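Colleague: Dropping a structure here in structure tokens format, bear with me for questions.
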Amino acid sequence: MQWRLRFSSVKHYNPWLTVPNVKMSNLIAGVFFLIAGTAFGDDFKTIDGKEYKNVRLSRVEPDGIVLITSSGISKVYFTELPKEVRERFHYNEANAAAYSSWEAANQEAFRKQQAELERTLAEKNNKYWTDQQSAKNQHDKLLAPGASAAAADRGQQVEVITHGAQVDITKHLALGNVTVVDFYADWCGPCRQVSPILEQMAKTDPEIVLRKIDIVDWKTAVVRQYSIHSIPQINVYNRGGRLVGTVVGGDIEKVKRYVAQAKTGG
């Protein structure tokens with residue numbers, strides 16, 4: 001049997017009551033659970049053979065389950081799980097669809113809010129960067145041609161390039177340097193442990209830049225775009241913009257090995 005649960009630790013929770021102006025209780029009733037105090041040790045297997053071993057069930061949502069592993073957090077949708085698992089968790093297709101619609105509406109509202117915030121910040125920063133551009137151009141003229149090109153491509157050392165929206169990573173690579181891309185979320189504990197280390201690497205090594213992608217939640221456009229199922233996920237690109245390797249989880253030593261390889265053009 002691929003799933004094991006201790007239902008003595010299950011606590012019922014209705015999140016819709018905490019969301020203003022959204023009466024989701026009329027659409028979904030009793031389909032969201034929080035699993036508290038469950039130890040690691042549960043196993044799950046998807047219909048396509050992917051296995052999640054020795055994990056902890058964090059919560060059950062109408063359209064899937066959220067698992068905590070030793071290296072990160074993953075959401076597995078009921079459509080990916082065998083029939084007996086869906087039945088065990090009382091999966092209801094109509095409830096799942098209603099929940100997905102609710103999430104999509106919330107995500108669209110969040111996207112608009114983020115776009116307005118980014119527009120406001122851009123307006124405030126525009127004058128500053130305009131003033132700085134003249135000084136930067138003068139500085140670049142003093143550099144050797146090769147160094148000037150690398151400096152121009154480097155951009156900011158650490159930059160969040162999206163909050164859930166689609167993004168073309170290739171447009172944010174610092175050609176001539178090594179680019180580390182960190183897929184994360186503020187609510188992800190392992191991400192909060194890894195991110196400061198990555199930021200320190202970028203700030204102390206002039207050959208490394210860090211681009212951060214906040215997935216926000218499992219339903220965002222950037223999650224679908226890059227098929228993100230677990231976070232943290234860290235991609236390392238070499239000086240020419242080619243992907244050298246991907247690390248899922250918090251294995252910093254593996255990240256450092258990929259960075260070293262990327263520096264040599266690997």
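Colleague: When both residues are 6+ apart or on different chains and their Cβ atoms are under 7 Å apart, which pairs have a first residue that lies in the range 86-113 and is under 18 Å from Gly64 (Cα atoms), and a second that is open to solvent by less than 60 Å² (accessible area, probe 1.4 Å) and of a type in the set (Ser, Thr, Tyr)?
Modeller: Gln107/Thr220
Colleague: Which of (1) within 10 Å of the chain's Cα centre (by Cα); (2) open to solvent by less than 30 Å² (accessible area, probe 1.4 Å); (3) without any contact (Cβ under 8 Å) to a residue 60 or more places away in the chain does Ser230 not meet, given it meets every other one?
Modeller: The failed condition is (3).
Okay, residues lined up against (1) touching a Ser or Thr at 6+ places or on another chain (Cβ under 8 Å); (2) of a type in the set (Val, Ile, Thr):
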site: Ala174; (1), (2): no, no
site: Val178; (1), (2): no, yes
site: Asp182; (1), (2): yes, no
site: Ala185; (1), (2): no, no
site: Cys191; (1), (2): no, no
site: Ser195; (1), (2): no, no
site: Glu199; (1), (2): no, no
site: Asp205; (1), (2): no, no
site: Val209; (1), (2): yes, yes
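Colleague: Looking at the range 83-100 only, could you name the residues that are of a type in the set (A, V, I, L, M) and surrounded by 12 or more Cβ atoms within 10 Å (Cβ to Cβ)?
Modeller: Answer for the range 83-100, where residues must be of a type in the set (A, V, I, L, M) and surrounded by 12 or more Cβ atoms within 10 Å (Cβ to Cβ): Val85, Ala96, Ala97, Ala98.
Colleague: Taking the range 252-266 as the region of interest, how many residues are open to solvent by less than 70 Å² (accessible area, probe 1.4 Å) and in contact (Cβ under 8 Å) with a residue 12 or more places away in the chain?
Modeller: Total satisfying the criteria: 8.
Colleague: Taking only pairs six or more apart or across chains, which ones have beta-carbon atoms under 6 Å, a first residue in the range 162-186 that is over 22 Å from Gly72 (Cα atoms), and a second residue that is buried (at least 23 other Cβ atoms within 10 Å of the Cβ) and of a type in the set (S, T, N, Q)?
Modeller: Sorted first by the residue in the range 162-186, then by its partner, the pairs are Leu173/Thr179.
Colleague: Here's a follow-up. Only residues that are under 21 Å from Val247 (Cβ atoms) and open to solvent by less than 40 Å² (accessible area, probe 1.4 Å): list them for the range 38-65, please.
Modeller: Tyr52, Val55
Colleague: Could you please let me know if Asp168 is under 27 Å from Thr46 (Cβ atoms) and open to solvent by 30 Å² or more (accessible area, probe 1.4 Å)?
Modeller: Spelling it out, it is not the case that Asp168 is under 27 Å from Thr46 (Cβ atoms) and open to solvent by 30 Å² or more (accessible area, probe 1.4 Å).
Colleague: Collect the residues in the range 173-194 that are surrounded by fewer than 19 Cβ atoms within 10 Å (Cβ to Cβ) and under 17 Å from the mean Cα position of the chain (by Cα), keeping them in residue-number order.
Modeller: Asp186, Trp187, Gly189, Arg192, Gln193
Colleague: So if I check each of Phe110, Phe44, Phe33, which one is at pLDDT below 70 and either within 19 Å of Ala185 (Cα to Cα) or of a type in the set (Phe, Trp, Tyr) (or both)?
Modeller: Answer to the check: Phe33.
The values are calculated or read from the model by the stated rules, or taken from the named source; none is laboratory data. This structure is a prediction, so every number in the text was calculated from the model and none was measured. Cβ: placed from backbone, ideal geometry, glycine included. Neighbour counts: every protein chain shown. These accessible areas exclude ligands, DNA and RNA; they are computed on the full protein's heavy atoms, side chains included. Shrake-Rupley method; radii C 1.70, N 1.55, O 1.52, S 1.80 Å.
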